[in-house]
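The values are calculated or read from the model by the stated rules, or taken from the named source; none is laboratory data. Computed from a predicted model, the values in this text were never measured in an experiment. Cβ coordinates were reconstructed from backbone atoms using ideal geometry, including for glycine residues, and neighbour counts include every protein chain displayed. Quick note on the areas: whole protein, heavy atoms, side chains included, nothing else; ligands and nucleic acids left out. Shrake-Rupley method; radii C 1.70, N 1.55, O 1.52, S 1.80 Å.
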Amino acid sequence: MTPQEAFQTALAHQRAGRLDEAEAECRRILEVVPHHPMVLHFLGVIAIQSGQFDAAVEWIGKALAIAPDDAEARFNLAVALNALGRREDAIAQYRRVVELNPTHADAHYNMATALHALDQPRDAIACYRDAIAARPDFVNAHNNLGVLLQQYGQLDDAIASFARALSLAPAHAESHFNLANAHKQQGRLDDAVAGYRQALALDPGFAEAMDNLGVALQERGELHDAVAWYRRALELRPNWAETLGNLGTALHELGQSDNALDAFLAALHIRETPEIRAGFAQCIADGGFSGATGDVGVGGGRVARIRDYIMRALVEPWARPGDLANITFHLVKSNPAVAAVMDRAARAWPQRLTQGELFGANGAGLGAVAEDRLFRALLECTPVNGLELERFLTLTRETLLDAAFDDALPRTANGLDENILAFHCALARQCFNNEFVFAQTDGEYAKAQELRAKLADAVKSNTDISVSHLAVVASYFPLTTVEGAAALLERAWPEPIRDLLAQQVREPSEEMTLRTAIGKLTPIEDYVSLKVQAQYEENPYPRWVKCAPALSQPMSFNARLRREFPHAVFKPLALNRPLDILIAGCGAGQHSIETAQQHPDARILAIDLSLPSLGYARRKTNERGIENIEYVQADIMQLKSIDRRFDIIESVGVLHHLQDPLAGWRILLSLLRPGGFMRLGLYSETARAAVVEARKFIALQGFGANAPDIRRCRQALIEAASVTDAADANTAARFAQLSSFRDFFSTSECRDLLFHVQEHRYTLPDLKSCFAALNVNFLGFCLEPGIAARYRERFPGDRTMTDLDCWQRFESENTRTFASMYQFWIQPR
């Protein structure tokens, strides 16, 4: 048999799948012709088919040493190198192949996939285009090009590529799937749903299409169908964390909170993503945890796992910590020893207790409270709310003051108990967070002042300072009020004290420095604007420590709006450039930072009247490494003079503090580009009935808008809410509602709630008139899932959920619906 005949035999074995026989035949040929390039190359091909890629590289390398211009050998060498993960070497070989044969479509295609894997999308796009030029009917190249164009934000071109692939191969399920993804990204949910269904008709086991169909149906508000598709996808791939997270979100929106929580716990056990963490936190915040014990089948007790995740959700954070305050308090109080102490405080109030009366003779109660890390995290991360907790902390602060004054805090052999120090510092940080809003007796205040004076003397003389004295002073006054406090930063301290000093000394100093660099965009001359500025200069608003995190895959604005308002009629924004966004009244920066995280490529201008608020916002923005926000001082009423236009304007909780809100609204609309959108928040007359009643009480009693009077006023309102006289029952019930406002629990926010220098409130007919007068299209309210579900059940005929007459009936039946504000989106017609 000649070598040529033997090679044909080897080729027949290879085509029949008899790779061992094919290899043996080739080796026999090499015994006769040792340097036969075709045989060496063929042995490399056999090695590739056998998965022996190192051997393939060796065999084909020998062939190329003899015939370096063999394009097919180089192509197969590149295939083997790519399989070994040596993508850059593979790309070099593919480049040589197309030099030898510019119409080698597979080389262009494979080079594109390797470049894509190396995160070089521009070069990959060019290579896919070369592959298509060499082979116009190359379906996979059209499809993959579309995927890259979509990732690059070129949606129209991506859709054209998918459509071309489908014109060549109408049964190509992956192209239907990718086309549907592009439609969903454009907000064309009906087209997306149709595309996913077509992909599934062609490939019934296409789990990714099931999951994405569920997302699209969920965004259309078809929650039951979405849940069904998520469950079908999970039958095929039970360990898909993202699908479990999507299922949790849909169940939560359906009001099935306990089932939703189980889905989130299962997802978190498999893999954590920012979206799953945020979904879990939102579910918990909206009451998704019943407090029942048990296990969800993912390892570890249910309550223990939830407690651990909530701890992380507060500290990392996974959501706004304030949203988790109520469930955290519930979990903390589930400890019987802690509950006993808090119950004693509640029963005794307003009587003040000694340390022994509150915590027990041996201080066991204090130890139980102090060692709870979850409780300490809550105190550090957000101003807390709730009268029971406030009263406990108020009494605890006084007992710690007395103990520090008498040097009677529990100690270990190494000094002050570490947990008690950590808890005391956490309490001091809480007091700073709420601006020392807790009630205090005259004797208590005098003791605190005396300790502050001693601390100042110790700083001045550079003598030893008791950590308990330092924590006590920080529980009653900002440490910046201690003369020479900056010197405290230079001393060595335990970690809880270092964190306390950072909060109360270093960070305020940084904010003072940052204020000097903040520009002034407009003059502030309006009489009401000046009064509002003065209020927020004295009491920056809102109080916050940590904001919600960025998601791993921020949604486009159109997709975000479509998800929030699946049936609304609006014209999507043209997204061929970075968005320009105005935050009109950014306050202390929480809103602007979260907007920047949602739109990392946008150009954001954030304005406010208050320099202290802007200084805080700038520091927190720098802390998070966000660079796309420009902070300036400005008055909305003067913005007509600026030469800038915006795609999106957000002004939540601001216009109702202007002398003429409608005039300010018109000014903002004049700054909106054609087709732009506006998000506003305005107070509800119905929801703020308790606030109106409290304002009458404040005027009658003569309380002023200063910290001591705000403290006294709060206690007077709390006492008035507890009256049992039938004649005053209605007023008492109104005052009792005040404790449901989170703003009631810090000094600045209570001033904003009850003592504001200018406040307008609206009814839904008022809003309807404003929309007509301004010629804007109402897209819908920003709602909690539970409220949306109840409204849909009450008014199923209002598919877009924009009938303000229906909403007026709903609010009259559920007066706390818009307790924070009417928050809504509009678009000029």
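Of the candidates ASP130, ASP123, the single residue that is touching a Leu at 6+ places or on another chain (Cβ under 9 Å), in a helix (DSSP H, G or I) and either farther than 19 Å from SER175 by Cβ or touching a residue at least 60 places away in the same chain (Cβ under 8 Å) (or both) is ASP123. Against the criterion of being farther than 24 Å from ALA199 by Cβ, under 33 Å from the mean Cα position of the chain (by Cα), in contact (Cβ under 8 Å) with a residue 12 or more places away in the chain and crowded, with 21+ Cβ neighbours inside 10 Å, LEU115 qualifies.
Taking every residue in region 712-723 that is closer than 13 Å to ILE698 by Cβ and pairing it with any residue that is among the aromatic types (Phe, Trp, Tyr) and not in a helix (DSSP H, G or I), at least 6 positions away or on another chain, the pairs with Cβ-Cβ distances below 9 Å are ARG712/PHE703; CYS713/PHE703; CYS713/PHE755; ALA716/PHE703. I'd like to check something: does region 315-331 contain any residue that is among the basic types (Lys, Arg) and closer than 30 Å to SER592 by Cβ? Within region 315-331, one or more residues are among the basic types (Lys, Arg) and closer than 30 Å to SER592 by Cβ. Filtered by the rule that a residue be of a type in the set (Asp, Glu) and open to solvent by 10 Å² or more (accessible area, probe 1.4 Å), region 741-786 gives ASP743, GLU749, GLU759, ASP766, GLU784.
Within region 196-217, the set of residues being open to solvent by 10 Å² or more (accessible area, probe 1.4 Å) and either touching a Phe, Trp or Tyr at 6+ places or on another chain (Cβ under 8 Å) or assigned to a helix (DSSP H, G or I) (or both) comprises ARG197, GLN198, LEU200, ALA201, LEU202, PHE206, GLU208, ASP211, ASN212, VAL215. Check region 374-392 and report whether any residue there is in contact with a Pro (Cβ under 7 Å, 6 or more places away or on another chain) and open to solvent by less than 20 Å² (accessible area, probe 1.4 Å). Yes, that holds for at least one residue. Entry remark, region 458-497: residues being in a helix (DSSP H, G or I) and either under 26 Å from ALA707 (Cα atoms) or under 39 Å from the mean Cα position of the chain (by Cα) (or both) number 22 in total. Among the helices (runs of 4 or more DSSP H) confined to region 545-664, the ones with at least 3 residues that are at pLDDT below 95 are located at 557-564.
Of all residues in region 558-572, those that are in contact with a Phe, Trp or Tyr (Cβ under 8 Å, 6 or more places away or on another chain) and buried (at least 20 other Cβ atoms within 10 Å of the Cβ) total 2. Open to solvent by 40 Å² or more (accessible area, probe 1.4 Å), free of Cβ contacts under 8 Å to residues at least 40 places away in the same chain and hydrophobic (A, V, I, L, M, F, W, C): does that describe ALA337? Judged against the criteria, ALA337 is a match.
Residue count for region 678-706 satisfying the condition of being part of a helix (DSSP H, G or I), surrounded by 17 or more Cβ atoms within 10 Å (Cβ to Cβ) and of a type in the set (Gly, Ala, Ser): 2.
Of all residues in region 159-193, those being part of a loop (DSSP other than H, G, I, E, B) and either open to solvent by 20 Å² or more (accessible area, probe 1.4 Å) or hydroxyl-bearing (Ser, Thr, Tyr) (or both) number 6.
Among the numbered conditions (1) in contact (Cβ under 8 Å) with a residue 60 or more places away in the chain; (2) within 18 Å of the chain's Cα centre (by Cα), the only one that GLY255 does not meet is (2). Highlighted here are the helices (runs of 4 or more DSSP H) found entirely within region 720-829 that include at least 1 residues which are closer than 30 Å to ALA439 by Cα, at pLDDT 95 or above and hydroxyl-bearing (Ser, Thr, Tyr): 747-754.
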